[in-house]
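A short write-up of the structure that comes next.
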Amino acid sequence: MNLTETIKKLAMEHGMALVGIAPISRFSNVPDGRKPEVILPGCKSVVVFGQAVPKGVIAVKKAVLDGTAKSDALDSIYGRYGRNGISTIELMAVSYTLATYLERTANAPSMPMMVGSWAFGRPFSLRHAAVAAGLGKFGINKAVITEKYGPRIRWGAILTQAELDYDEMLPDALCLCAGREACGKCLSVCPTNALKSENMISFDMDGHQVSYIDVDLMACKVGCMDLETAPHPTVEEVQAEIDRKGYDPGDMLIPPTWKCDRCLINCPPGER
């Protein structure tokens, strides 16, 4: 078993559902400051792994959103096991395990990337990395859609100077998102119209065309954090509302970032 096979096996043994590897050349068109070789000088490979959200957790979240749950407090189950909480801790633990393994066995400097709401400053896009590693394709709402799990999967990654075997990106002919006209489910369920923008981000990634809606991040944050603001607030207005809401010990975050996710929960691919 070579190093690539070993690192993939290690990720799967630690509970990951998907794992792939991309060369840094596929990140040439990502925003400046987020390129792997800028974050880790000498970086050659990006190892990406995905953790599927349990179907039972999704079922509870759906019940909360459609009003059939016995208590709205059940929403915290999704927060702890689907969006943050233990799932974030596990992804960070796997990142650390893989990075230290490569340093011990291959003498290759490796860097675990921050995950989810704890990735302060967003120095690296795990979604772009997942697409680059052939694990999924972008949907129009910028979520990475996979064949088996749809968008209900969380991502982690490490940057490494080790030279590994790379996975092919998914073929352009493979359609995982029916788009605005044929489906548009994510657009219709968004409570803050964060996806109403007609502007599409589109660029080339290693010969593959990548595109998604230019999401209104402030409007999306209002929905995900359950804030009370104007429809399209400024950064300052959002921060003022966050400060006003304060800290709830049950939320684990200030404030929670998992109160919506309707576009992920209701996306048709991977539901069965």
>> Taking the criterion of being among the polar types (S, T, N, Q) and out of contact with any Pro (no Cβ under 7 Å at 6 or more places or on another chain), would at least one residue in region 51-60 satisfy it?
In response: yes
> Looking only at region 185-210, which residues are out of contact with any Pro (no Cβ under 8 Å at 6 or more places or on another chain) and over 29 Å from ARG26 (Cβ atoms)?
Replying inline: SER188, VAL189, CYS190, PRO191, LYS196
> Just checking, which of VAL30, VAL57, VAL64 is farther than 14 Å from GLY156 by Cα, hydrophobic (A, V, I, L, M, F, W, C) and in contact with an Asp or Glu (Cβ under 8 Å, 6 or more places away or on another chain)?
Replying inline: VAL64
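Residue-by-condition table, conditions (1) buried (at least 18 other Cβ atoms within 10 Å of the Cβ); (2) in a helix (DSSP H, G or I); (3) out of contact with any Pro (no Cβ under 6 Å at 6 or more places or on another chain):
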{"residue": "VAL48", "(1), (2), (3)": "yes, no, yes"}
{"residue": "VAL64", "(1), (2), (3)": "yes, yes, yes"}
{"residue": "TYR96", "(1), (2), (3)": "no, yes, no"}
{"residue": "ALA99", "(1), (2), (3)": "yes, yes, no"}
> In region 201-241, how many are touching a residue at least 60 places away in the same chain (Cβ under 8 Å) and among the aliphatic types (A, V, I, L, M)?
Replying inline: 4
> Which residues, taken from region 11-44, are in a loop (DSSP other than H, G, I, E, B), within 21 Å of THR100 (Cβ to Cβ) and within 19 Å of the chain's Cα centre (by Cα)?
Replying inline: HIS14, GLY15, MET16
> Among the residues of region 232-260 satisfying the criterion of being hydrophobic (A, V, I, L, M, F, W, C) and under 24 Å from the mean Cα position of the chain (by Cα), which is modelled with the highest pLDDT?
Replying inline: CYS260
> How about region 4-18: which of its residues are touching a Phe, Trp or Tyr at 6+ places or on another chain (Cβ under 8 Å) and either buried (at least 22 other Cβ atoms within 10 Å of the Cβ) or over 17 Å from ALA106 (Cβ atoms) (or both)?
Replying inline: ILE7, ALA11, MET16, ALA17, LEU18
> Which one of GLU5, GLU37 is in contact with an Asp or Glu (Cβ under 9 Å, 6 or more places away or on another chain) and acidic (Asp, Glu)?
Replying inline: GLU5
> What number of residues within region 130-139 are assigned to a strand (DSSP E or B) and either of a type in the set (Val, Ile, Thr) or within 20 Å of SER95 (Cβ to Cβ) (or both)?
Replying inline: 0
> Are there any helices (runs of 4 or more DSSP H) wholly within region 140-238 with 2 or more residues that are surrounded by fewer than 14 Cβ atoms within 10 Å (Cβ to Cβ), and if so which?
Replying inline: 179-182
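The values are calculated or read from the model by the stated rules, or taken from the named source; none is laboratory data. These numbers were taken from a predicted model, which means no experiment stands behind them. As a convention, Cβ positions derive from the backbone with ideal geometry for all residues, glycine included, and neighbour counts pool all protein chains shown.
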